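Okay, structure first, notes after.
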Amino acid sequence: MNSIQTIKLSDGLTIPVIGFGTYLLRGKAGAESIKKAIDLGYRLFDSAFNYENEGTVGEAIRRSSVAREQLIITSKLPGRHHRFKEALVTIEESLFRAGLTYYDIYLIHWPNPLENLYVEAWQAFIEAKKMGLVRSIGVCNFLPEHMARLEQETGVLPSINQIEMHPYFNQADQLKWHHEHGVVTEAWSPLGRGNDLLHNEVIGNIAMIYSKSISQVVLRWHIQHGVIPIPKASSPEHQMENKNIFDFVLSDKEMDVIDSLTRKDGRTYDQNPAVYQEF
Ligand SMILES: NC(=O)c1ccc[n+]([C@@H]2O[C@H](COP(=O)([O-])OP(=O)(O)OC[C@H]3O[C@@H](n4cnc5c(N)ncnc54)[C@H](OP(=O)(O)O)[C@@H]3O)[C@@H](O)[C@H]2O)c1
């Protein structure tokens, strides 16, 4: 059994437990790469207004033979457009860029807490959902305190929080909060953006037991934590490899061993959402 399983979000939308990242996939080559991923069976796609590739994602969808309704397409609101009216117009612009009539998932890209406008952006998201522009609304890089404030001020919690997570930064406390509040976690840079994680000896030894690659073991570790990894891979070989992770199970001990690799300073780019801001 190697087909992709699914999970239901708090608002009822069902999505695959592994997705596909598209950062840096742009233009003709990007569209071909994303189309290949659709052909290989990926159904959940991540993009962002700031990646300047919503058009590329839309083009890949049109080139593929898979119906739009079978795909779960995501984009994100940049930090410079958190004001209510601007957020709504940006979602519309996002749709125009992709040539789509709705997004399945739309996320606030960063909370930018020093600007203190993320609640306004969230109110626009609630409105956009009512208008049918998006099916499910969520956030990225939100700390528990940011999400608690959304719930307090609007009564609506995000369906998803997309955060940096990989064995060098396992986000145990944040995952616990998500779990307790019914927020599904997506993991960005699940492979550490191809850094030395993919040469880690400890994970390599576990990979050998299952005749799998280090990438496969890392992505399997995400899945067994109940987290949706969204690896980006331009080559079909990597795309195929990354989704062939449903025919083996890591033991509790192996999960613990991989968890023990986490470090306080394990973030890939030192982007702590309490202080880091992106526009
Ligand atoms: N919300 C946010 O703030 C945020 C921030 C960062 C990223 N993201 C999203 O998360 C997605 C994934 O993160 P990411 O792109 O930063 O990094 P990543 O998915 O952890 O790593 C991508 C890198 O790993 C390589 N790779 C993929 N599969 C491989 C395999 N099986 N073996 C060896 N190398 C492999 C890729 O190479 P090739 O391309 O050459 O195959 C690429 O260089 C992004 O694309 C984006 O959609 C969101």
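The values are calculated or read from the model by the stated rules, or taken from the named source; none is laboratory data. Since we're looking at a predicted model, the values are computed, not measured. For neighbour counting, all protein chains shown are included, and Cβ atoms are generated from backbone atoms with ideal geometry for every residue, glycine included. Ligands, DNA and RNA are excluded from the accessible area calculation, which covers all protein heavy atoms including side chains. Shrake-Rupley method; radii C 1.70, N 1.55, O 1.52, S 1.80 Å.
Does the range 96-118 contain at least one residue that is under 27 Å from Ala274 (Cβ atoms) and among the small types (Gly, Ala, Ser)?
Looking only at the range 96-118, we keep the residues that are under 27 Å from Ala274 (Cβ atoms), and these are 105-118.
Adding the requirement that they be among the small types (Gly, Ala, Ser) leaves none.
No, the range 96-118 contains no residue that is under 27 Å from Ala274 (Cβ atoms) and among the small types (Gly, Ala, Ser).
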Problem - Close pairs from the range 9-29: first closer than 20 Å to Ile223 by Cα, partner more than 11 Å from the ligand (Cβ to nearest atom) and modelled with pLDDT under 95, Cβ under 6 Å, at least 6 apart - result: Pro16/Ile4; Val17/Gln5; Ile18/Ile4
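Return yes or no: is Ser75 within 15 Å of the ligand (Cβ to nearest atom) and open to solvent by less than 30 Å² (accessible area, probe 1.4 Å)? Walk me through how you get there before you give the answer.
On the way: within 15 Å of the ligand (Cβ to nearest atom): yes; open to solvent by less than 30 Å² (accessible area, probe 1.4 Å): yes.
Against the criterion (within 15 Å of the ligand (Cβ to nearest atom) and open to solvent by less than 30 Å² (accessible area, probe 1.4 Å)), Ser75 qualifies.
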Handout entry: Test set (1) more than 12 Å from the ligand (Cβ to nearest atom); (2) surrounded by 21 or more Cβ atoms within 10 Å (Cβ to Cβ) - Gly155 fails condition number
Key = (2)
Exercise for the section: Please enumerate the residues belonging to the range 227-261 that are open to solvent by 50 Å² or more (accessible area, probe 1.4 Å) and more than 11 Å from the ligand (Cβ to nearest atom). Expected result: Asp247, Val249, Asp252, Lys253, Asp256, Val257, Ser260
Exercise for the section: Could you list all residues from the range 37-47 that are open to solvent by 10 Å² or more (accessible area, probe 1.4 Å) and assigned to a helix (DSSP H, G or I)? Expected result: Asp39
Handout entry: Glu241 vs. criteria free of Cβ contacts under 8 Å to residues at least 40 places away in the same chain and of a type in the set (D, E, K, R)
Key = yes
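Any residue at all in the range 117-133 that's in contact (Cβ under 8 Å) with a residue 60 or more places away in the chain and either away from the ligand (no atom under 16 Å from the Cβ) or among the aromatic types (Phe, Trp, Tyr) (or both)? Break it down into steps so the answer makes sense when it comes.
Step one: filter the range 117-133 for residues in contact (Cβ under 8 Å) with a residue 60 or more places away in the chain, giving none.
Looking for residues that are in contact (Cβ under 8 Å) with a residue 60 or more places away in the chain and either away from the ligand (no atom under 16 Å from the Cβ) or among the aromatic types (Phe, Trp, Tyr) (or both), one finds none in the range 117-133, hence no.
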Practice task
Taking only the range 48-61 into account, find how many residues are open to solvent by less than 10 Å² (accessible area, probe 1.4 Å) and in contact (Cβ under 8 Å) with a residue 40 or more places away in the chain.
Solution key: 4
Practice task
Filter the range 214-226 down to the residues that are farther than 11 Å from Ile18 by Cβ, part of a helix (DSSP H, G or I) and not polar (S, T, N, Q), then identify the one that is farthest from the ligand (Cβ to nearest atom).
Solution key: Trp221
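Here's the yes/no breakdown for (1) over 21 Å from Ala274 (Cα atoms); (2) open to solvent by 20 Å² or more (accessible area, probe 1.4 Å):
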{"site": "Gly132", "(1), (2)": "yes, yes"}
{"site": "Glu145", "(1), (2)": "no, yes"}
{"site": "Glu151", "(1), (2)": "no, yes"}
{"site": "Ile160", "(1), (2)": "no, no"}
{"site": "Ile163", "(1), (2)": "no, no"}
{"site": "Val183", "(1), (2)": "no, no"}
{"site": "Lys212", "(1), (2)": "yes, yes"}
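Please pick out the residue among Trp177, Trp188 that is within 11 Å of the ligand (Cβ to nearest atom) and in contact (Cβ under 8 Å) with a residue 24 or more places away in the chain. Don't jump to the end; show me each part of the working.
Numbers: Trp177 fails: within 11 Å of the ligand (Cβ to nearest atom).
The match here is Trp188.
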